[in-house]
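Input: a single structure, listed below in structure tokens.
Since every read-out is calculated from the coordinates, none of them should be taken as a lab result. From a predicted model like this one, the values you see are computed outputs, not experimental measurements. Note that each Cβ is placed from the backbone with ideal geometry, even for glycine, and that neighbours are counted across all protein chains shown.
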Amino acid sequence: LDVISETRYSQAMKEGYESLVSLLGADAGLADILYEKGFFSAEELSKASVEDLVQIRGIDRKKAEDLVESAKAVLAESIRAESMETSKDSELMNSGENQENVSEKNSQKDDPEALPESEKTQVEE
């Protein structure tokens with residue numbers, strides 16, 4: 001692995017672990033156990049089966065169900081937040097495009113030859 005790939009991998013693993021810790025609150029010990037068992041992030045935990053989780057010492061059926069549901073909720077919120085961010089970016093881009101279109105139309109009004117035939121008569125009147 002090159003240094004950049006290794007750095008990205010380390011960062012992704014760190015973010016995954018942090019998502020587990022934030023999901024579990026103060027229970028960093030449980031986060032460590034889940035991490036050691038191959039659940040490296042809240043996203044992975046959201047896809048876990050209750051049956052897999054109850055195999056881990058200290059996790060009963062109720063705790064497993066709560067963990068999966070909490071992880072799913074965190075994942076849904078993350079997706080919703082990303083979607084809102086994407087919408088804002090899209091709106092900003094569209095706003096910029098609309099501004100360019102307005103500027104283009106304004107410059108065309110100054111040059112009637114650049115206007116479509118349907119708009120030339122409006123400017124000339």
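Just add up the charged neighbours of I59: K/R +1, D/E -1, any other residue whose Cβ is under 14 Å from the Cβ of I59.
Values: positive: K37, R57, R61, K62, K63; negative: D27, D32, E36, E51, D52, D60, E65, D66, E69.
Computed value for this residue: -4.
Add +1 for every Lys or Arg and -1 for every Asp or Glu among the other residues with Cβ under 12 Å from the Cβ of R8, and state the total.
Values: positive: K14; negative: D2, E6, E15.
Local charge sum for R8: -2.
With a cap of 10 neighbouring Cβ atoms within 10 Å, and only residues DSSP puts in a loop, list the trypsin sites (Lys or Arg not before Pro) found in the stretch 1-81.
On the way: sites: R8, K14, K37, K47, R57, R61, K62, K63, K72, R80; in loops: K37, K47, R57.
For trypsin sites (Lys or Arg not before Pro) across the stretch 1-81 that sit outside H, G, I, E and B with at most 10 neighbouring Cβ atoms in 10 Å, the list reads R57.
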